[in-house]
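This report refers to the structure that appears directly beneath it.
The values are calculated or read from the model by the stated rules, or taken from the named source; none is laboratory data. Here the structure is a predicted model, which is why all the values come from computation and not from measurement. When we count neighbours, we look across all protein chains shown, and the Cβ atoms used for this are built from the backbone with ideal geometry, even at glycine. Ligands, DNA and RNA are excluded from the accessible area calculation, which covers all protein heavy atoms including side chains. Shrake-Rupley method; radii C 1.70, N 1.55, O 1.52, S 1.80 Å.
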Amino acid sequence: SQELEQSPQSLIVQEGKNLTINCTSSKTLYGLYWYKQKYGEGLIFLMMLQKGGEEKSHEKITAKLDEKKQQSSLHITASQPSHAGIYLCGARRGNQGGKLIFGQGTELSVKP
Amino acid sequence: GAVVSQHPSWVICKSGTSVKIECRSLDFQATTMFWYRQFPKQSLMLMATSNEGSKATYEQGVEKDKFLINHASLTLSTLTVTSAHPEDSSFYICSARGGLAGEGTDTQYFGPGTRLTVL
């Protein structure tokens, strides 16, 4: 099994609906990153979480890191077509020079 | 946010030739850059960590003689795919560690990627 599991793998929602994407780690997280990717393009940095219980928001996107630091959720409120894309969580593990391990991604489609 | 560029954005080459991909951090200095490979509909696979002024650290299973990495300055890292073959065709993405105040130096900012097709 993957070290970092994302769920769901794909998601189709109606415009205006809320949605949540989860990222679960098999090991303690020292830093959890959320990125968005359009197919065939680079990754856009969304948010970084480090402390257990931390929560950050940017526009209509909120990310949380649970107290035990092994799971994070990304919540989008009132989704829009512009939110469509692939959401990737990346985990930093202790002192490994800052390298990230990525989940398999969640493909989000938003129907107008 | 911090900007990372890659050049070229796409390249087609013949089997047996070498291809160089550049990764630049445009508005910040990056002591560490990372090179990833991504296959269609799959996640990113880390290939190597590139540190300015020293040899790159390769992940297990990545051939260092095939994928040459040079990090000559704090804003530039290059990946050269030597003697490319069709199985090397992929989407290569770099990232640079560092960036703007408030987000710390542990954030990785990604380039737009380079699509390599080897005929």
Among B:3-16, B:67-80, what's the highest-first ranking by average C-beta atoms within 10 angstrom per residue?
B:67-80, B:3-16
Percent of all Cα-Cα pairs per 5 Å bin for chain B, counting from 0 up to the last occupied bin, reads 2, 13, 23, 25, 20, 11, 5, 1, 0, 0
Pairwise centroid distance, computed over Cα atoms, of segment A:34-48 with segment B:6-21, Å
23
B versus A: buried accessible surface, summed, Å² (probe 1.4 Å, to nearest 100):
1600
In nm, give the distance between the simple-model label positions of A:Ser109 and B:Glu87, each being 7 Å from the Cα along the Cα-to-Cβ direction.
3.3
Scanning chain B, every Cys lacking a C-beta partner under 4.7 angstrom -> B:Cys13
Segment B:1-55 - percent of accessible surface contributed by carbon and sulfur, probe 1.4 Å
53
Using 7 Å Cα-to-Cβ label points, what is the B:Gln60/A:Glu3 separation (nm, one decimal)?
1.0
I'd like the carbon and sulfur percentage of the solvent accessible area for segment A:11-112, probe radius 1.4 Å, heavy atoms only, ligands and nucleic acids excluded.
48
Local electrostatic count at B:Ala48 - Lys and Arg +1, Asp and Glu -1, tallied over other residues with Cβ under 13 Å:
+2
Short version: which residues of segment A:43-59 lose at least 50 Å² of accessible area, all chains versus chain alone, 1.4 Å probe?
A:Leu43, A:Phe45
So, for chain B, what is the accessible surface per residue at a probe of 1.4 Å, expressed in square angstrom?
48
Quick one: dipole size for the protein assembly as shown, taken about the Cα centre, charges +1 on Lys/Arg Cβ and -1 on Asp/Glu Cβ, in debye to the nearest 20.
80
With the Cα gyration tensor of segment A:64-110 giving a ≥ b ≥ c as the square roots of its eigenvalues, does the rule (a/c under 1.5 for rounded; else a/b larger than b/c for prolate; else oblate) give rounded, prolate or oblate?
oblate
Summing +1 for each Lys or Arg and -1 for each Asp or Glu, what net charge is found among the other residues whose Cβ lies under 11 Å from the Cβ of A:Ser82?
+1
Flagged as over-length at 25 Å C-alpha distance, from B:Lys14/B:Lys64; A:Lys38/B:Lys14; A:Lys36/A:Lys64, the pairs are A:Lys38/B:Lys14
Please give the net charge around A:Ser25, taking every other residue with its beta carbon less than 13 angstrom from that of A:Ser25, where Lys and Arg add +1 and Asp and Glu add -1.
+2
For segment A:24-99: accessible area per residue (Å², 1.4 Å)
47
Classify segment B:13-66 as rounded, prolate or oblate, taking a ≥ b ≥ c as the square roots of the eigenvalues of its Cα gyration tensor: rounded when a/c is under 1.5, otherwise prolate if a/b is larger than b/c and oblate if not.
rounded
Hey, what did chain B get for relative contact order, percent, Cα under 8 Å, at least 6 apart?
36
Is there a quick way to get the dipole size of chain B? I mean about its Cα centre, with the Cβ of Lys and Arg at +1 and of Asp and Glu at -1; what is the value in debye to the nearest 20?
280
